[in-house]
Amino acid sequence: MRDALGGVVNLTMIVVFLVLVCGYLAFNVNYTKAFRVKNYIITSLEQYEGNCKSGTACSDKIQSYIKQVGYSAPDFKLDDYTCNYGYCYKEFKVSNEVDGSVSESKNQVYYRVVTQINIDIPIVNRIMPGLKIFQISGNTKLITPFK
């Protein structure tokens, strides 16, 4: 009886170890996809000077890259952000550091881009549905929009 119980304990430890390693690898693959998509969106926003509204060449380019990489984040929405195809971005006007007023002469902006790491494990999604740790954000350089 003692040997049978020891075998079950060993088998349980092996299964737990395999689940942890597979989960870590799956998380890393999804993190890499979200990070690459964020960097590509930032580069595209800088290249097109922020003109990436839906239906533009920039938006089409981003959408084709997202399909090529295999990134997906269904139902990803943030308040006060423009969200498309699993990513969100928001425009911020540059303010004067002395008094906090927005400078009209420079008229420069930057964009914050947020992507989400898609962890599609039903148990984890039910326990922690709104977990914000799995989001990656980044900012563009200062952009002077073309008028």
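List of remarks:
- Filter pass, Val37 being touching a residue at least 40 places away in the same chain (Cβ under 8 Å) and over 12 Å from Tyr111 (Cα atoms): yes
- Consider the range 43-73 and keep the residues that are farther than 18 Å from Lys93 by Cα, in contact with a Ser or Thr (Cβ under 8 Å, 6 or more places away or on another chain) and part of a loop (DSSP other than H, G, I, E, B). The one that is modelled with the highest pLDDT is Tyr71.
- Residues that are touching a strand residue (DSSP E or B) at 6+ places or on another chain (Cβ under 9 Å) and aliphatic (A, V, I, L, M) were ranked within the range 45-64; the one that is surrounded by the fewest Cβ atoms within 10 Å (Cβ to Cβ) is Ile62.
- Residues that are β-branched (Val, Ile, Thr) and surrounded by fewer than 17 Cβ atoms within 10 Å (Cβ to Cβ) within the range 65-82 comprise Val69, Thr82, listed in sequence order.
- Check on Asn10, in a helix (DSSP H, G or I) and among the polar types (S, T, N, Q): yes
The values are calculated or read from the model by the stated rules, or taken from the named source; none is laboratory data. Quick caveat: nothing in here was measured; it's all calculated off a predicted structure. Using ideal geometry, Cβ is built from the backbone for each residue, glycine included, and neighbour counts are taken over all protein chains shown.
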